[in-house]
Amino acid sequence: MRGFLRRTPVEQAVAWIDQLAAPGIRETIPLAAACGRVLAGEVIAERNVPEFDRAAMDGIALRAADSTGAGDYNPLEFTLTGESLPGRPFAGSIGPHQAARIMTGAPIPTGADAVVPAEFVQFDGDRATITAASPQFKHVGRIGEDIRAGSQVLPDGRCLRPQDVGVIASLGIAEVAVIRRPRVRIVVTGNELAPPGRPKTDSQIYEANSAMLRGLIARDGGELDGCVHLRDERDLIRDTLAADQADIILVSGGSSVGAEDHAPGLVAELGELAIHGIAMRPSSPTGLGRIGATAVCLLPGNPVSCLCAYDFFAGRLLRRWGGRSPEWPYRRRRGALSQKIASAIGRVDYCRVCIDDEEIRPLALSGASILSSTTRADGFVIVPAGLEGYAAGTEVEALLYDGV
């Protein structure tokens with residue numbers, strides 16, 4: 001066994017991730033599957049929405065000028081000549097002192113230019129009496145009021161929300177061009193690991209990282225290409241890495257410099273191990289490389305280290321690859337530290353914290369295997385490499401775990 005001869009600064013590792021991230025590959029998918037996907041190109045309206053003047057209220061459609069002066073003490077009477085319903089417009093034309101019954105969303109009849117709401121109308125056979133005037137285009141949704149033909153509806157690179165998909169549907173578009181999601185394979189190594197739900201020996205622990213990574217991959221827009229669990233056997237790990245066709249491989253465990261940490265050497269043998277060992281705590285055994293066109297992120301086996309390394313590097317790679325913003329997908333909150341956070345010059349620290357009112361309190365623990373600390377914590381504070389830590393009372397920025 002040997003230690004790391006040097007540790008790469010975090011910013012250098014991030015820069016390597018950024019230059020590695022492949023340009024987004026376009027694919028066309030049904031609109032029904034587009035929520036949460038990233039647009040590959042802007043959406044331009046080819047038609048107006050709505051494409052006709054339509055009623056915004058139930059009532060009667062008439063000529064606005066004919067309703068002038070109507071009120072409780074001056075009711076005005078109109079002759080009903082028909083009705084306009086959604087999908088079944090009135091075929092005739094509205095003349096002086098004529099009106100047509102109309103429902104919300106129905107086309108405004110020819111000749112009419114206003115709607116009097118039903119609460120101001122009394123019906124008696126083919127007669128309608130109004131007690132309120134409606135100015136021109138009152139309660140009328142105009143052509144193009146929602147979207148104008150030729151306008152940009154959504155920009156390139158938009159991560160589509162449910163309402164965005166609805167707007168695209170309102171334009172009559174059934175398919176949309178998006179960035180293909182990166183295909184991600186999880187490879188978990190370790191003789192000491194047992195799958196949850198199965199018996200284990202006294203010296204084994206239940207494997208947790210793959211469950212956590214599945215959620216993180218989904219959050220960052222990746223597509224899980226599979227998850228394999230391997231013993232610490234060099235040839236088995238080598239064959240798995242050499243045969244994989246995923247865009248990104250996340251290796252959990254075996255990333256350090258121990259006798260059974262095979263993954264770093266195998267990545268170097270099969271491709272390029274660009275970075276191994278990063279100046280941060282936790283997650284210093286993280287490695288980054290590639291095998292052919294496949295990016296490989298070596299994540300430490302200790303769960304908190306795995307989470308930290310994923311968020312700093314692998315998650316950023318996924319988000320870039322899939323056309324999303326590479327920045328942290330967490331809400332931020334500022335507050336004063338209740339206690340000091342100690343660090344060291346030249347090292348980035350990832351410190352789990354709790355937030356009480358406006359006070360940020362570091363969790364009093366150490367160790368990268370205490371995964372439950374991330375469920376007790378509200379978020380984390382990053383201490384940059386240029387500082388020896390933060391004194392109590394310092395205002396800092398916390399990134400919140402629940403801010404996704």
Restricted to the stretch 42-59 and to residues being small (Gly, Ala, Ser) and under 18 Å from Ser170 (Cα atoms), the residue most open to solvent (accessible area, probe 1.4 Å) is Ala56
Those residues of the stretch 373-397 which are among the β-branched types (Val, Ile, Thr) and either part of a strand (DSSP E or B) or modelled with pLDDT of 95 or more (or both) amount to Val381, Ile382, Val383, Thr394, Val396
Taking the stretch 325-352 and keeping residues in a strand (DSSP E or B), within 21 Å of Val304 (Cα to Cα), open to solvent by 60 Å² or more (accessible area, probe 1.4 Å) and among the charged types (D, E, K, R) leaves Arg331, Arg332
When every residue in the stretch 173-223 that is more than 30 Å from the chain's Cα centre (by Cα) and touching a residue at least 60 places away in the same chain (Cβ under 8 Å) is compared, the one farthest from Leu154 (Cα to Cα) is Asn191
The stretch 214-317: helices (runs of 4 or more DSSP H) wholly inside it with 2 or more residues that are in contact with a Pro (Cβ under 8 Å, 6 or more places away or on another chain) and under 22 Å from Val10 (Cα atoms) are 303-309
Taking the stretch 38-80 and keeping residues hydrophobic (A, V, I, L, M, F, W, C) and within 16 Å of Ile108 (Cα to Cα) leaves Val49, Phe52, Ala55, Ala56, Met57, Ile60, Ala61, Leu62, Ala64, Ala65, Leu80
Given the conditions (1) more than 15 Å from Ile248 (Cα to Cα); (2) open to solvent by 10 Å² or more (accessible area, probe 1.4 Å); (3) without any contact (Cβ under 8 Å) to a residue 60 or more places away in the chain; (4) not polar (S, T, N, Q), every one holds for His276 apart from (3)
Residue hits (the stretch 132-171; within 30 Å of Gly82 (Cα to Cα), part of a loop (DSSP other than H, G, I, E, B) and either among the acidic types (Asp, Glu) or open to solvent by 40 Å² or more (accessible area, probe 1.4 Å) (or both)) are Ala133, Pro135, Gln136, Phe137, Lys138, His139, Arg142, Ile143, Glu145, Asp146
Among residues of the stretch 192-218 being in contact with a strand residue (DSSP E or B) (Cβ under 9 Å, 6 or more places away or on another chain) and of a type in the set (S, T, N, Q), the residue nearest to Ile370 (Cα to Cα) is Asn209
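If only one of Phe123, Phe90 is aromatic (Phe, Trp, Tyr) and over 19 Å from Phe52 (Cα atoms), which one is it?
Result of the check over Phe123, Phe90: Phe123.
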Checked pairs for the stretch 79-97, first within 14 Å of Arg127 (Cα to Cα) and assigned to a strand (DSSP E or B), second of a type in the set (S, T, N, Q) and modelled with pLDDT of 95 or more, C-beta under 9 Å and 6 or more apart or across chains, list as Thr79/Gln98; Leu80/Gln98; Thr81/Ser93; Thr81/Gln98
Residues in the stretch 224-241 that are in contact (Cβ under 8 Å) with a residue 40 or more places away in the chain, more than 22 Å from Pro329 (Cα to Cα), of a type outside the set (Ser, Thr, Tyr) and surrounded by 14 or more Cβ atoms within 10 Å (Cβ to Cβ) total 8
Q.
Ile370 - would you say it is among the hydrophobic types (A, V, I, L, M, F, W, C), outside any strand (DSSP E or B), over 29 Å from Ile249 (Cα atoms) and out of contact with any strand residue (DSSP E or B) (no Cβ under 6 Å at 6 or more places or on another chain)?
A. no
All-but-one check, Ala33 against (1) surrounded by fewer than 18 Cβ atoms within 10 Å (Cβ to Cβ); (2) over 30 Å from Arg347 (Cα atoms); (3) touching a residue at least 40 places away in the same chain (Cβ under 8 Å), failing number (3)
Item to complete: Restrict the check to the stretch 113-124 and report whether at least one residue is in a loop (DSSP other than H, G, I, E, B) and either open to solvent by 40 Å² or more (accessible area, probe 1.4 Å) or at pLDDT below 95 (or both).
Response: no
Counting only residues in the stretch 80-112 that are closer than 16 Å to Asp66 by Cβ and among the hydroxyl-bearing types (Ser, Thr, Tyr), the one most open to solvent (accessible area, probe 1.4 Å) is identified as Thr110
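The values are calculated or read from the model by the stated rules, or taken from the named source; none is laboratory data. Quantities reported herein were computed from a predicted structural model and do not represent experimental measurements. Don't worry about glycine lacking a Cβ; one is built from the backbone with ideal geometry, like all the others, and counts go over all protein chains shown. Note: accessible area is taken over every heavy atom of the protein model, side chains too, but ligands, DNA and RNA are not part of it. Shrake-Rupley method; radii C 1.70, N 1.55, O 1.52, S 1.80 Å.
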